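Engineer: Below is one structure. I have some questions about it.
Please treat every number below as a calculation from the coordinates, not as lab data. Remember, predicted model here, so these are calculated numbers, not experimental data. Here the Cβ is made from the backbone with ideal geometry for all residues, glycine too, and neighbour counts use every protein chain on show.
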């Protein structure tokens, strides 16, 4: 199956029409930029983590994004509460395993979330995905030290093992359910110089999955739109500072024409 | 009583002269942008939440802003400690009931703060204000789903019930003490696409109340200046990304002339 | 000893080559901007605070930055765990005593960190440095109320007492080990209107110390580059909003020529 530019454009239109509420339990570094990206694309973000209100918040949400970037015991408890409620309700759950492999706490927490909440999607960089399949591999903090190609085999195995869609961000983005794999070649080298664009990608996966039950198509749409918006934003940016803002502007203004003219896809 | 453009301009001059220290216990999403907005307008922001230092921090502050956006038990404890100290000291307290109505934890926490700390001002969107008066109404996350006009009746009742000034943000902003109501028609449709501008409005209410004991005039000044700065910023913005920054630039450079030429007020 | 523009330029080249992992336990207000500044200058930032993973995270880091801006008991515990591990490993530790003097909790926490972790560098504004040497001095929140010149004597005494390099940020920046003092006159009056540029300076001290064992030269490089980037960024900024972004762009693009043409140093 090929995911066409038309599908991407239609998914965007659908997202804007439904304006889904996306519940994020994410890290302190990216909360502001994640909320702004979700608003810009047309979703409605909420950030909340207290275990006491997780069931209530999930009850009004259309997707849940769990990001372990600045985890601690209290936040892990909130993630598990929210994840269990989301699983029960049947809404998509996106797990962003930030820094998996860098410390045992991170790798173990990811597996605890996987076992308890059955995430629909896991989106990370190559090192993080490798670390989940092979706990022995050390990552360098939260930035990737491995090529995305090397990680694709691991991603496919992981997808089959846990029955999820796995997304690897990198120069080429891979979206796989273990059987079918799609790849997106959009993006710009300046993007990794802005903190948290990977986290934004996970949040957009949440927004697209909230309005499209075809998970692999939803995630491909999210990654394509990330890359296209980043490319266009980079054209008018002098560095990572201005890129961060132009990215939000482009996300807000992204049109079918932008998608048609820039989409670079390989099945 | 009419609040003239001259009053607004004078309040701004006074704020800049006194540069009040505004103590914020606010949510993770907006801490950076709130601090920057307070600096830009001429106030001195401090963010601190540990119960152990609340009495000491309040002792050097001129206003306290309590925002429940990413609340949990530990932060609620800090808010109550700070709120009690601020009430005792007699400095203005602004409550921003983010997401009130979305979960019982949020609505209950607001009422706990109201009962223990007697806030001077409550500033929220229509849904949040409605939820405070009527716990049965569900909001959609933290974005408003109700017109501000519908909420005005609730706001007046709430203001009289708890002896506070209530501010509703929306296309028209209402500032009411239950008897007198002022409305501001400044602002721009792009503003709700930037996360946390409502939270910024609450922080500016704190800064203006810190330097003007006429609460209703102080809040009207804050809301007018928010709207005027947003309008002017939007003229040179391509989307929500650039708006966020231009807003800070305009806030920093806001002149009497800007106020005179743009202020749209109805008593 | 004089620290030449050539040294500064070489230190920058070295930092970019080594791309050190800098572990930050910092405040919520500045996490995003700190991470972005570290990425822009060529370092690799990680933000993590859970006591459970501090030893593991420090084991892969080349410097540790402890910033008490939004401290509470849980975070203090994380800072002490990380600080002890970093001391044992022998990597540089930078302490940013945000708001020291404003509350006893802050001043006491700084001394607890000093006694347990032996920081390599302390970077603060005049009021904060004064407060550390003399607990009786009250600061006004987190902004400085004292001239940097007045604080230099205190800084030298502190440096000798605790065997650290002390950096005072201000119109003139001072970098002293108690015996030798260097001063940098770069910078721009708009910089204090952006929240957290002091915190960024501490993080850059961490990045430069990670790749240069000559601590006083590393810190002088960090402060010079902060000031130069701020000056250049201010030329194309309309206010603090755009300054924040242009600062990141310039940091990312900073060249030897920028340093040569703008460096203002006094021994």
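Engineer: Using the number of other C-beta atoms within 10 angstrom as an exposure proxy, rank C:23, B:49 with the fewest first.
Structural biologist: On the way: C:23 30, B:49 23.
With the sparsest Cβ surroundings first, the list reads B:49, C:23.
Engineer: Under the rule a/c < 1.5 gives rounded, and otherwise a/b versus b/c splits prolate from oblate, where does the stretch A:18-82 land using the Cα gyration tensor?
Structural biologist: Oblate is the answer for the stretch A:18-82, as a/c is 1.5 or above yet b/c matches or exceeds a/b.
Engineer: Starting from the Cα of residue A:108, step 7 Å along the direction of its Cβ; do the same at residue A:235; then give the gap between the two resulting points in nm.
Structural biologist: 5.0 nm
Engineer: Further, regarding this structure: What is the Cα centroid distance between the stretch B:198-228 and the stretch C:231-246, reported in whole angstrom?
Structural biologist: 26 Å
Engineer: Order by neighbour count: A:235, A:123, C:106, fewest other Cβ atoms within 10 Å first, most last. Present the calculation step by step, with values, prior to reporting the outcome.
Structural biologist: Values: A:235 9, A:123 31, C:106 26.
The order, fewest Cβ neighbours first, is A:235, C:106, A:123.
Engineer: Other chains near C:42-49: what is the mean number of their Cβ atoms within 10 Å of each residue's Cβ? Intermediate values should be presented prior to the final figure.
Structural biologist: Working: counts 1, 0, 5, 5, 11, 11, 13, 4.
Counting other chains' Cβ atoms within 10 Å and averaging over C:42-49 gives 6.
Engineer: Follow-up question, since we're still on this one. Using Cα pairs closer than 8 Å and at least 6 residues apart in sequence, work out the relative contact order for the stretch A:107-255, in percent.
Structural biologist: Relative contact order, the stretch A:107-255: 18 percent.
Engineer: Round to a whole angstrom and tell me the spacing of the C-alpha centers of the stretch A:77-133 and the stretch A:162-191.
Structural biologist: One Cα centre to the other: 17 Å.
Engineer: Rounded to the nearest 5, what is the percent of antiparallel bridges among the DSSP beta bridges in the stretch B:118-267? Let's see the in-between values first.
Structural biologist: Working: 10 of 15 bridges.
Of all bridge pairs located within the stretch B:118-267, approximately 65 percent are antiparallel.
Engineer: Using the number of other C-beta atoms within 10 angstrom as an exposure proxy, rank A:219, A:117 with the fewest first.
Structural biologist: A:117, A:219
Engineer: Work out, step by step, the length gained on full extension between residue C:160 and residue C:256: first 0.36 nm times the residue separation, then minus their alpha carbon distance; give nm to one decimal.
Structural biologist: Details: separation 96, 0.36 × 96 = 34.56 nm, distance 3.34 nm.
Result for the pair: 31.2 nm of gain on full extension.
Engineer: If R₀ is 30 angstrom, what is the calculated FRET efficiency for the pair residue C:118 and residue C:214, using the beta carbon separation as r and rounding to 0.05?
Structural biologist: Details: r = 18 Å, r/R0 = 0.60.
Using R0 = 30 Å, I get an efficiency of 0.95.
Engineer: Then there's this: Can you give the relative contact order of chain A as a percent, counting alpha carbon pairs under 8 Å and 6+ residues apart? Don't skip to the answer; put the middle values down first.
Structural biologist: Details: 566 pairs, mean separation 54.1, N = 267.
Worked out over chain A, it gives 20 percent.
Engineer: Let me know the mean shielding of B:191-197 by other chains, meaning the per-residue number of their Cβ atoms within 10 Å of its Cβ. Write out the running numbers ahead of the final one.
Structural biologist: Working: counts 0, 1, 6, 6, 12, 4, 0.
Average neighbour count from other chains, rounded to a whole number: 4.
Engineer: Further question on the same structure: Kindly work out what percent of the DSSP beta bridges joining two residues of the stretch B:5-266 are antiparallel, to the nearest 5. List each step's numbers first, then the result.
Structural biologist: Working: 10 of 30 bridges.
In the stretch B:5-266, DSSP labels about 35 percent of beta bridges as antiparallel.
Engineer: Need one value for A:116-122: mean number of C-beta atoms belonging to other chains within 10 Å of its residues' C-beta atoms. Before the final figure, lay out the partial values.
Structural biologist: Values: counts 0, 0, 0, 0, 0, 0, 0.
Across A:116-122, the average partner-chain Cβ count within 10 Å equals 0.
Engineer: Can you tell me how the protein assembly as shown classifies by the Cα gyration tensor, rounded, prolate or oblate, using a/c under 1.5 as the rounded cut? Please list the in-between numbers first.
Structural biologist: On the way: a/c = 1.44, a/b = 1.00, b/c = 1.44.
It is rounded, given that a/c, with a ≥ b ≥ c, falls under 1.5.
Engineer: A further question follows. Do the sum for the protein assembly as shown: with -39,500 (n - 2.57) for every DSSP H run of n ≥ 4, divided by all residues, what is the mean residue ellipticity at 222 nm, to the nearest 500 deg cm²/dmol?
Structural biologist: Numbers: 33 runs with 429 residues, N = 801.
So the calculated ellipticity at 222 nm is -17000 deg cm²/dmol.
Engineer: If one computes P(r) from the Cα atoms of the stretch A:5-266, what percent of pairs lie at distances over 29 Å?
Structural biologist: On the way: 7257 of 34191 pairs.
Within the stretch A:5-266, distances greater than 29 Å cover 21 percent of Cα pairs.
Engineer: Could I ask something else about it? Output the antiparallel fraction of DSSP beta bridges having both residues in the protein assembly as shown, as a percent to the nearest 5.
Structural biologist: Details: 30 of 90 bridges.
Close to 35 percent.
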